[in-house]
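One structure below.
None of the figures in this text is laboratory data; all of them are computed from the coordinates on show. None of these values were measured; they are calculated from a predicted model. Ideal geometry is used to build each Cβ from the backbone, glycine not excepted, and the neighbour counts take in all protein chains shown.
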Amino acid sequence: MKINKILIILTFFLLLSCGFEPIYSKKKLDNNYNFTISNIGFSGNNNINQYLKNNLTNYIDNEDKNIKYNLVIDSSIKKTISSKNKKGNPEMFYIKIAINVDIVEDDKIKSKTILEEGFEYKNKKSKFELNKYEKNIQKNLTDKLSKDLIEHLYYIK
């Protein structure tokens with residue numbers, strides 16, 4: 001029993017002194033990224049656009065950043081049936097989210113890129129549960145796409 005307490009205390013001190021810092025902390029983002037997003041224009045799927053807007057709020061209108069980008073984002077979502085059972089009812093679905101991003105700097109298109117993410121999942125018995133699960137998948141895929149977009153903006157020269 002005494003050894004377990006000692007191990008817990010040692011583990012606690014090791015974790016505190018390891019210098020752990022969250023990857024996407026506000027302090028770390030301010031130090032690493034030298035750009036800001038001045039304006040974002042959205043078209044396409046409203047849910048995806050709202051998720052993207054929420055994920056990009058940390059990068060909008062930072063006055064102390066040198067490079068200012070305007071973004072034009074067109075989002076789309078496509079849900080397809082990837083397999084059916086013997087009765088013809090869907091068993092598996094595939095959802096793909098794509099965003100077309102035009103990056104404008106000083107009234108010139110600096111870059112055009114297409115980012116896509118997809119996910120395959122099983123059908124649920126309840127339509128309510130399926131809808132809730134699909135919204136969760138959409139949010140997760142959009143989070144991944146927004147991280148990819150931030151990395152793309154960081155590495156534009």
Go through the range 78-85 residue by residue and turn each phi into a ³J(HN,Hα) via Karplus (6.51, -1.76, 1.60, θ = phi - 60°); whole Hz please, and just put x for glycine and proline. 10, 10, 10, 8, 9, 7, 10, 8
Assuming 0.36 nm per residue, please report the length gained on full extension of the stretch Tyr154 to Phe119 beyond their Cα-Cα distance. 10.0 nm
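Using Cα pairs under 8 angstrom and six or more residues apart, how large is the relative contact order of the range 23-155, in percent? Display every interim value, and only then the final one.
Working: 205 pairs, mean separation 29.2, N = 133.
Once divided by the residue count of the range 23-155, the mean separation gives 22 percent.
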Computed [θ] at 222 nm, helices only, for the chain once each DSSP H run of length n ≥ 4 contributes -39500 (n - 2.57): -13000 deg cm²/dmol
For Asp61 and Glu129, what does the FRET efficiency come to when R0 = 41 Å and r is the distance between their Cβ atoms, rounded to the nearest 0.05? 0.55
Distance from the Cα centre of the range 72-107 to that of the range 118-157, in angstrom? 10
Using the basic label-point model (7 angstrom from Cα toward the beta carbon), what is the Leu15 to Lys86 distance in nanometres? 5.1
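Taking the Cβ of Lys96 as the centre, find all other residues whose Cβ is under 9 Å away and add up their charges (Lys, Arg: +1; Asp, Glu: -1). Could you put the intermediate results ahead of the total?
Details: positive: Lys78, Lys79; negative: Glu116, Glu117.
Cβ neighbours under 9 Å give a net charge of 0.
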Along its principal axes, what span do the Cα atoms of the range 74-119 show, with the longest given first and each in whole Å? 57, 12, 8
Of all DSSP beta bridges in the range 23-155, antiparallel share, percent nearest 5: 75
Once you have the Cα-Cα distance between Ile8 and Asp74, take 0.36 nm times their residue separation minus that, and quote the gain in nm to one decimal. 18.7 nm
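If you count, for each residue, the other Cβ atoms within 10 Å and average over each peptide, how do 42-51, 110-119, 140-149 line up from highest to lowest?
Values: 42-51: 16.7, 110-119: 14.1, 140-149: 18.2.
The packing order, highest mean first, is 140-149, 42-51, 110-119.
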By the Kirkwood definition, with r running over pairs of different Cα atoms, the range 23-155 has a hydrodynamic radius in Å of 16.3
Which of the residue pairs Lys79/Lys108; Lys79/Lys112; Lys84/Lys139; Lys5/Lys139; Lys53/Lys125 have a Cα-Cα distance greater than 30 Å in the structure shown? Lys79/Lys108; Lys5/Lys139; Lys53/Lys125
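Pop the C-beta distance of Asn34 and Lys147 into the FRET formula with R0 = 22 Å and round what comes out to the nearest 0.05.
Values: r = 18 Å, r/R0 = 0.80.
For Asn34 and Lys147, the calculated efficiency is 0.80.
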In whole Hz, what ³J(HN,Hα) sequence does the range 58-75 give by Karplus (6.51, -1.76, 1.60; θ = phi - 60°), x for Gly and Pro? 5, 9, 8, 6, 8, 5, 7, 8, 6, 9, 10, 10, 10, 10, 10, 10, 10, 10
From the backbone phi of the range 38-47, what are the Karplus-calculated ³J(HN,Hα) couplings (6.51 cos²θ - 1.76 cosθ + 1.60, θ = phi - 60°) in whole Hz, Gly and Pro given as x? 7, 8, 10, x, 10, 8, x, 6, 5, 5
